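Written out below as structure tokens is the structure these notes cover.
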Amino acid sequence: MIDAAKRASAGRITAVIPYYAYARSDKKDQPRVPITARLVANLIETAGADRVLTLELHAGQIQGFFNVPLDELSAIPNLANHFNARNVKSNIVVVATDAGDAKRARNMANRLDAPIAIVEKVRIGNQERVEAATLIGDVRDRTAIIVDDEIGTGGTVIATADTLRNHGARDIYCYAAHPVLAGKATEILEKSTIKELVVTDSLPVPPAKMGTKTSVVSVAPILGEAIQRIHSGTSVGAMFNGGGT
């Protein structure tokens, strides 16, 4: 599509990619593996994109893979508003599934005026079983909110939820931006101790994967506003910091 627009003499091409696939492949974490997040960035640039608009990257450093402007939107405000509608104001704790997600959890916690906790994650195999080993923080008798960028097989959030339950957490919610829901993820999550899974529509959730615990929050409004701001030349960052143009 980028190539077709370029060959049709488009003045400017912005690639709007709500879910940046392969984002977890952002480093060599074992011998003889590719850094596919960088490869995808190269492909998008080579095709002719002048700018990229995306949502909730796995790691913010992926922005550095691009030599063209990249705007990363956050789904946290939408997810936080969804939880605030429940009027649960006390004994809340926001939980990061690993140390790398601590900043995302902190952003959520700031909006909910809650403390954070971090679970140390141990992955056995590349996409295999996940064991959550250590909990940093206090979750006993609290409503726990797990925050993650995406739900793949569900192994990470299940292991995190089990750790929270073992440490005395009361109700456990999971909020994630991208509902990949690979394989039997929906079935596994339905049987878990998680009370509700809340995701965005950055990826379509087919009816077969819409479990009874699953809710979807739309990010169409923030994507639409960002596209309008890019088109008109005003600030995209002002959407989140309340600044001007």
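The values are calculated or read from the model by the stated rules, or taken from the named source; none is laboratory data. Worth saying up front: this structure is predicted, and the values here are computed from it rather than measured. Neighbour counts are summed over all protein chains in view; Cβ atoms, including those assigned to glycine, are modelled from backbone coordinates with ideal geometry. Accessible surface areas use protein heavy atoms only, side chains included; no ligands, DNA or RNA. Shrake-Rupley method; radii C 1.70, N 1.55, O 1.52, S 1.80 Å.
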Exercise. Within the range 151-185, can you find the residues that are of a type in the set (Val, Ile, Thr) and within 17 Å of the chain's Cα centre (by Cα)?
Worked result: 151, 153, 156, 157, 158, 160, 180
Exercise. If you take the residues in the range 177-232 that are touching a Leu at 6+ places or on another chain (Cβ under 8 Å) and among the charged types (D, E, K, R), which one is most open to solvent (accessible area, probe 1.4 Å)?
Worked result: 209
For this session: Please report, ordered by residue number, the helices (runs of 4 or more DSSP H) entirely within the range 24-118 with at least 2 residues that are touching a Ser or Thr at 6+ places or on another chain (Cβ under 8 Å).
Result: 36-47, 76-84
Seminar exercise, completed: Residues of the range 153-172 being in contact (Cβ under 8 Å) with a residue 60 or more places away in the chain, surrounded by 20 or more Cβ atoms within 10 Å (Cβ to Cβ) and either of a type in the set (S, T, N, Q) or farther than 14 Å from residue 116 by Cα (or both), in sequence order, are 157, 160
Exercise. Which residue, of 52, 93, 33, 68, is under 21 Å from the mean Cα position of the chain (by Cα) and over 22 Å from residue 218 (Cα atoms)?
Worked result: 93
Exercise. Does the range 3-15 contain at least one residue that is part of a loop (DSSP other than H, G, I, E, B), open to solvent by 60 Å² or more (accessible area, probe 1.4 Å), closer than 22 Å to residue 57 by Cα and not charged (D, E, K, R)?
Worked result: no
